[in-house]
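Readers should treat all values here as calculations from the given coordinates under stated rules, not as data from a laboratory. For clarity, every value in this text was computed on a predicted model and none was experimentally measured. A quick note on method: Cβ atoms are made from the backbone with ideal geometry, for glycine too, and the neighbour counts reach across all protein chains shown.
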Amino acid sequence: MRYLHRCIMFAMLGISFSVPAATSVVVQPLSELLQETSQSAPAHVINENHAMVSARLSAPVENVLVQVGDSIEAGQSLLRLECTDYELGKAQASSGLKALQAQTRLARQQLSRAELLLKQKNASKELRDQRRAELDSLLAQQEGAKAQLKEAELAVERCSVEAPFAGVVTGRSVSEGDLVAPGVMLLKVLAKDAQEVSADLSAQQVMSLKQSSKISFQFNGQDYFLNLRAIVPFIDNRARTQQVRFSFSESSALTGSSGRLIWRDAKGRLPIRYIVSRDGNLGVMKASGGKAEFVALTGAIEGQAAVVDLPPETQIIIEGQHAVSSGDEITITAQE
């Protein structure tokens, strides 16, 4: 009987020894752990208003009025074509119109006279109708002559090649005396203040960028502040990226510059030293009701700080997190 009592006592002692002691941990609010981070991606400056100014007439080049690098204003004359043939055509068209106008005046007078004689019964209806037909024919010819004159005037205007917009001359492909034809490129003109930054970003980067309040383009050691202008609603099948366009908010970088697009995350990121791995998932250990609880972090990447979508007051275990699992009893101690 005494032996059985001892066995029961040892069994009870064994049970009491098998109960694990609570693990001592240190916690800190999530809001105090998050660090401001930024992301970056390759980007370059483009300017799609880079026009190739072409000839619209067949004529020799009389005078080139600008050089590469010159600043120009919209409507400024850049180049003159030899225009004698077109000026003669304009004079001929004007002369032909004047002749038709004189014939038209005479035809009106003859029609009026024929209508008067018809009322006096001194002329036939056929004569009146003939005079009316002659007038209608001359009026139609006059409209055609006006169109020819307008075309001739337009050709003379095109002898002066003008800037389509304000900008700078970036190229020249003709010299004085060259014979050019319609469509032949004469000059290249780059618009002022039309630069944009273009970048190809992943879906996660686009999502982060939408929430960012500070975006810049870094080139040659200088930061240029940007505004998000457009996200192209098209995903490249090969790269799985979207093209994003930005406008400069202040000063602009030169067209063709290649640098880095940098934006600040709207939410801070948790440093990697507080991230643990459980069953192949990355996450954090938080203190809840005297126990440890593992919270997986969606999108977390090993070796990188992670975005934590938890309330700012969440108590994150910052010491002892690697020694506990979900459901373990914990004792919170002060940080040394």
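So which lysines pass the test for LYS98, namely a Cα distance under 24 Å, with those fewer than 8 places away in the same chain ruled out? List returned: LYS90, LYS146, LYS150. Using the Cα coordinates of the chain, the gyration tensor eigenvalues translate into equivalent-ellipsoid semi-axes of 90, 27, 14 Å, sorted from longest to shortest. For the stretch 84-157, the alpha-carbon radius of gyration amounts to 1.47 times the rule-of-thumb value 2.2 N^0.38 Å expected for a compact globular protein.
Fully extending the segment from LYS291 to SER77 would add 69.0 nm, taking 0.36 nm per residue of separation and subtracting the current Cα-Cα distance. Spin-label pair GLN103-SER277: with each label point 7 Å from Cα along the Cα-Cβ axis, the two points sit 9.6 nm from one another.
Taking 0.36 nm per residue of separation and subtracting the Cα-Cα distance, what length does fully extending LYS125 through SER24 add?
On the way: separation 101, 0.36 × 101 = 36.36 nm, distance 12.24 nm.
Here the answer is 24.1 nm.
Mean Kyte-Doolittle of at least -1.0 and a Cα length of 15 Å or more along the axis: which whole DSSP H helices of the chain meet both?
Working: long enough: 2-18 (25 Å, 0.87); 84-119 (53 Å, -0.50); 125-157 (48 Å, -0.93).
Once both thresholds are applied, what remains is 2-18, 84-119, 125-157.
Placing pseudo-labels 7 Å out from each Cα toward the beta carbon at VAL68 and LEU154 gives an inter-label distance of 3.4 nm. Our estimate of slack between SER54 and SER326, defined as 0.36 nm per intervening residue step minus the Cα-Cα distance, is 90.6 nm. Run the paramagnetic zone check for GLN39: 7 angstrom along Cα to Cβ, then residues of the stretch 252-283 with backbone nitrogen under 19 Å. Label zone hits: 259-272, 282-283. A simple spin-label model places pseudo-atoms 7 Å from Cα toward Cβ; at THR170 and GLU319 they are separated by 6.0 nm.
What percent does the relative contact order of the stretch 84-157 come to when contacts are Cα pairs within less than 8 Å and at least six residues apart?
Numbers: 51 pairs, mean separation 39.2, N = 74.
With pairs under 8 Å counted, the relative contact order is 53 percent.
When the helices of the chain are scored as -39500 (n - 2.57) per DSSP H run of n ≥ 4 and the total is divided over every residue, the value at 222 nm lands at -10000 deg cm²/dmol. If you take the Cα centroid of the stretch 272-332 and the Cα centroid of the stretch 46-111, the two points sit 77 Å apart.
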